[in-house]
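Single-structure report; data block below.
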Amino acid sequence: MKLMIKDNKQEFDYAGAMEILNLIKEKPNAVIGLATGNTPKGMYDILGDLCKEKQVDFSRVTTLNLDEYLGIESSNSGSCKSYLNKRLYTKVNLKQENIHHLNSNPEDYEKECCRYNNLINDLGGIDLLILGIGHNGHLGFNEPNTPFDSMVHICNLTDKTRTANIWSFGSKDKVPKKGVSMGIKNIMNSKRLMLLANGDSKSQIIYKALKGKVTEEVPASVLQLHNDVVVVLDREAGKILLGI
């Protein structure tokens, strides 16, 4: 596990962007899994700037989103697809046919899960999967006690997760109660993982996930078992690890 603890938000965002830039330079047709949320916003902004400056080329890159809310239209401003469209897709030179999403309103939920599992396999797997971490240790929408052998699946979102995502929808009653997510096994099958966390509120769960017992009660603890993980933190998120 490679651990990077940065002094401020700007350095934190830049470090994440450089990991992606370096991967694309090494493998121009890389398959990258994308997380959403507050944490990677600045990183995506930097990637947009780098693409504008022609320092990175996304033209052969393929992307998949990690998770999505269910029961809403993809055009809903709170959807993961809308987030990525605003933050990344309109800022870089990705080809439309290389952008893949989980369907937020499929006719058949189980068929959608199978479709996405098959898509990941057909693409040859994920070269780099970007992850955030919830205050309860969730990865994607994999809440505590999600089996480690889970593949793409339907998830019931906890009250805490819904509360944490009010910013996307404006009020809690508008936050969906279900989502669909790559499972823990999909995550662990990715060739490389990058976990991003910033802020004091993430310091305890980061310590628990990286130094505690590997258990399904803390989904992110499974990252200890992966052989190629990059963890990017700011000093606030890493302060317990640092013993501050």
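No value in this document is a laboratory result; all are computed from the given coordinates. None of these values were measured; they are calculated from a predicted model. Glycine gets a Cβ as well: all are built from the backbone with ideal geometry, and neighbour counts include every protein chain shown.
Candidates 201, 182, 226 compared by Cα position along the dipole of the chain: farthest toward the positive end lies 201, with charges placed on Cβ.
If R0 equals 51 Å, the separation of the Cβ atoms of residue 22 and residue 166 corresponds to a calculated FRET efficiency of about 0.90.
When the GluC sites (Glu not before Pro) in segment 79-124 are filtered for DSSP coil states and for at most 10 other beta-carbon atoms within 10 Å of their beta-carbon, the remaining sites are 107. Distance between the modelled labels on residue 11 and residue 200, one decimal in nanometres: 2.0 nm (7 Å Cα→Cβ projection). When the listed pairs 86/191; 25/160; 174/211; 174/213 are checked against a 30 Å cut-off, the alpha-carbon distance exceeds it for 25/160; 174/211; 174/213.
(i) 1.07; (ii) 1.15; (iii) 0.94: which one is Cα Rg over 2.2 N^0.38 Å as calculated from this entry? Label (iii) holds the value from this structure.
What length, rounded to one decimal in nm, is gained on full extension from residue 109 through to residue 211, with 0.36 nm per residue of separation minus their alpha-carbon distance?
Details: separation 102, 0.36 × 102 = 36.72 nm, distance 3.57 nm.
Residue separation times 0.36 nm, minus the Cα-Cα distance, leaves 33.1 nm.
Here the gap between residue 149 and residue 121, fully extended at 0.36 nm per residue and compared with their Cα-Cα distance, gives a gain of 8.5 nm.
With neighbour counts taken as other beta-carbon atoms within 10 Å, the residues 108, 49 rank, fewest first, as 108, 49. Charge dipole of the chain (Cα centre as origin; +1 on each Lys and Arg Cβ, -1 on each Asp and Glu Cβ, all else neutral): 360 debye, rounded to the nearest 20.
Using C-alpha pairs under 8 Å with a sequence gap of at least 6, the mean separation divided by the residue count of the chain gives a relative contact order of 25 percent.
Between residue 185 and residue 225, the distance separating the two model label sites (each 7 Å from Cα on the Cα→Cβ line) works out to 1.2 nm.
Taking every full run of DSSP H in the chain, none both stretches at least 18 Å from end to end by Cα along its long axis and averages 1.6 or higher on the Kyte-Doolittle scale.
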